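Please read the structure below before turning to the comments.
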Amino acid sequence: MLISNIEVIPNMRVVRHLGLVQGSTVRAKHAGKDIMAGFKNIFGGELGAYTELLQESRDEAVARMSEQARAIGANAVINVRFSTSAIAAGASEILAYGTAVEVAETGR
Amino acid sequence: MSLPDGNPRIPEGINARNDHPLREFLILAAGISGALVALVLVLGLTAKLIAPYIPFSWELSAAPSMQDLLAGDDADPGAARALSALSNSLLQSSLKVPVNGKDPKDVAPPEHFRFSLVKLDYPNAFATLGAQIAVTEALLQHVSSENGLAMVLAHEIAHVQLRHPIEAAGRGIVVQIALAALLGDSSANLLGGSLSTGSMLTLLSFNRDMELQADRRALDILRAHYGHVGGADEFFLDMAADPHSADWLEFAQTHPSSKRRLQLIRQAIREDGPGDATVALPEALQPNQPLQ
Amino acid sequence: MEALLQLAIFFTLLALGYLFGRRAESKHYKSIREREEQLRYLVVLNQRFPPPDMLSHRTDMVTGNVVISVDYFKTVVAGLRNLVGGNLNSYESLLDRARREAILRMQEQAALRGAEAVINLKFETSRIAGNSAKGIGSVEVLAYGTALTHPDK
């Protein structure tokens, strides 16, 4: 599955537009990591646990978006956009959406 | 390249799993409550181990006032004075009985003890943080001699000297924190808010082991005070006579395993022999009207 | 006694939240599926440029928004899940519903103008009305895009 956030992919042409696909996930870390992050807030610096959480969520959201695209017979998702929102304390929602298309190589 | 002729029919269950929500809830609730029970057990044990080492002065500063907790009016000052006098003389006798090999003076300095008589219409006695001991006026109608009342007071003194309030409070705080973590802020306010204020007494209730320990020490204190333990079972006998009354239920809520305790006391009386005659209640504490 | 009463209130709320929340959710999903089928002809894409055959179409911005609230049962399950970590399934279905509902409302607005397609769709999600400190309370989802209408219409 080709995932891209541009609309015109070099050396590829869009054969067919299939429509909008989206993948979203809400995830949380276990309480221990939340507490550690709370301590970290005092000293500053990167919150490793949350970096990891958001990365995992983003991967999951992209995976779900791809699953939707695959289900309708697409082989690429173009113009992908991410949107993140804090839904609850310690939990975040990540949404990935894009246009599912069928692409073919231009053979140039 | 043109537009599709319609939006795609995307299968359900990709972004929102079709799992039954109750299943997730049950698994989570079972797992977390299991872990919580283990945690509370461990922390309860720790509280027991740590309690003797917490300086008494800390307990004093953490103590809420008994008046706030019970919200009862002050009783007749004469009776309150008589109760304090009896309590203080018992307290002096209790200093002769070491607490787990330590001098009771060091464990809980006697000058910090506060005794009060509160105007509540159910028979009960409380010991809470900061060596505050309260007896309800209604309790006086359930004892017929000074010895019976002395047993109740000695029992509460024993709780304080054994550091039970701080141990129970420690456990109570643990339970509250665990609840708050478990149920989130909103529900913890709903559930825990009342625990922290209104039901402090319920949290400060002691478990079976504590009650039995306190009873044993109370009997020792009575022996040191009167030379015998005759009459120690009065209050229990009186309460047990009508085990279905509302008074009894109220009492049983804060004092578990009363039957077992009565057995212990009676056994002590039997072993010590009948002893000397019991002492009459001080006049100020005698009920002026018969039990209804 | 008091603690028992609180516990009873808690479980009543839980049961009410579960029963009503679940009923509302399945009803909502049913209506979403029906309307999605009706508006299937109105294509929604997030690509930025109109297709070549629609270059002279009229463009209008259309929006659709929805504020959806969480039920007590979901909050409690999510609270439990928050301790352990992992996917908060109960919130996922909520957001899924909200997002699809927002698209539908946007499509309905576009349909009123007689549009053929909506392009450059964007989403905006925000948590509003903090009626509970830790739970999510309610979420707003906004979907907006550009409706393409044939110039003769």
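The values are calculated or read from the model by the stated rules, or taken from the named source; none is laboratory data. On a predicted model such as this, the values are computed, not experimentally measured, just so you know. Cβ atoms come from the backbone with ideal geometry, glycine included; neighbour counts cover every protein chain shown.
Quick notes
- Where A:K29 falls short, out of the listed (1) touching a strand residue (DSSP E or B) at 6+ places or on another chain (Cβ under 8 Å); (2) surrounded by 21 or more Cβ atoms within 10 Å (Cβ to Cβ): (1)
- Selection of the range C:39-72 for residues being aliphatic (A, V, I, L, M) and under 30 Å from C:L14 (Cα atoms) yields C:V66, C:V67, C:I68, C:V70.
- The one condition in (1) of a type outside the set (K, R); (2) within 13 Å of chain A (Cβ to nearest Cβ); (3) surrounded by fewer than 15 Cβ atoms within 10 Å (Cβ to Cβ); (4) in a helix (DSSP H, G or I) that C:F49 fails to fulfil: (4)
- Number of positions in the range C:66-76 that are away from chain A (no Cβ under 11 Å) and closer than 15 Å to C:S126 by Cα: 4
- Condition met for C:P151 (farther than 17 Å from A:A91 by Cα and at the interface with another protein chain (Cβ under 7 Å from one of its Cβ atoms)): no
- Residue pairs whose Cβ atoms lie under 8 Å apart, sitting 6 or more positions apart in sequence or on different chains, and linking a residue in the range A:55-78 that is within 10 Å of another protein chain (Cβ to nearest Cβ) and on the phi > 0 side of the Ramachandran plot to a partner that is buried (at least 17 other Cβ atoms within 10 Å of the Cβ) and aliphatic (A, V, I, L, M), are A:G73/A:L18.
- Hits in the range B:12-32 (condition: under 30 Å from the mean Cα position of the chain (by Cα) and at pLDDT below 85): B:I32
- Selection within the range C:52-100: residues that are assigned to a loop (DSSP other than H, G, I, E, B) and of a type in the set (G, A, S). The member of this set that is surrounded by the fewest Cβ atoms within 10 Å (Cβ to Cβ) is C:S56.
- The residues of the range C:77-99 that are hydrophobic (A, V, I, L, M, F, W, C) and within 7 Å of another protein chain (Cβ to nearest Cβ), listed by number, are C:V77, C:A78, C:L80, C:L83, C:V84, C:L88, C:L95.
- Filtered residue count, the range C:11-28, keeping only those that are out of contact with any helix residue (DSSP H, G or I) (no Cβ under 6 Å at 6 or more places or on another chain) and at the interface with chain B (Cβ under 8 Å from one of its Cβ atoms): 1
- Restricted to helices (runs of 4 or more DSSP H) entirely inside the range B:73-164, those with at least 3 residues that are in contact with a Pro (Cβ under 8 Å, 6 or more places away or on another chain) and not aromatic (F, W, Y) are B:77-94, B:146-161.
- Scanning the range C:11-40 for residues that are in contact (Cβ under 8 Å) with a residue 60 or more places away in the chain and not basic (K, R) yields C:L14, C:E25, C:H28, C:Y29, C:I32, C:E36, C:L39.
- Of all residues in the range A:66-108, those satisfying the criterion of being buried (at least 16 other Cβ atoms within 10 Å of the Cβ) and among the β-branched types (V, I, T) are A:I72, A:V77, A:I78, A:V80, A:I87, A:I94, A:T99, A:V101, A:V103.
- Restricting the range C:77-108 to residues that are polar (S, T, N, Q) and under 24 Å from C:R40 (Cβ atoms), the residue that is modelled with the highest pLDDT: C:Q107
- The combined condition, being more than 24 Å from C:F123 (Cβ to Cβ), surrounded by 14 or more Cβ atoms within 10 Å (Cβ to Cβ) and not acidic (D, E), is not fulfilled by A:L2.
So that you can scan it fast, the table gives a plain yes or no per residue for (1) part of a strand (DSSP E or B); (2) hydroxyl-bearing (S, T, Y):
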{"residue": "A:A63", "(1), (2)": "no, no"}
{"residue": "A:S66", "(1), (2)": "no, yes"}
{"residue": "A:I87", "(1), (2)": "yes, no"}
{"residue": "A:A96", "(1), (2)": "yes, no"}
{"residue": "A:A100", "(1), (2)": "yes, no"}
{"residue": "A:G107", "(1), (2)": "no, no"}
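- Among the residues of this structure, B:A131 counts as one that is more than 22 Å from B:A284 (Cα to Cα), touching a residue at least 60 places away in the same chain (Cβ under 8 Å) and of a type in the set (G, A, S).
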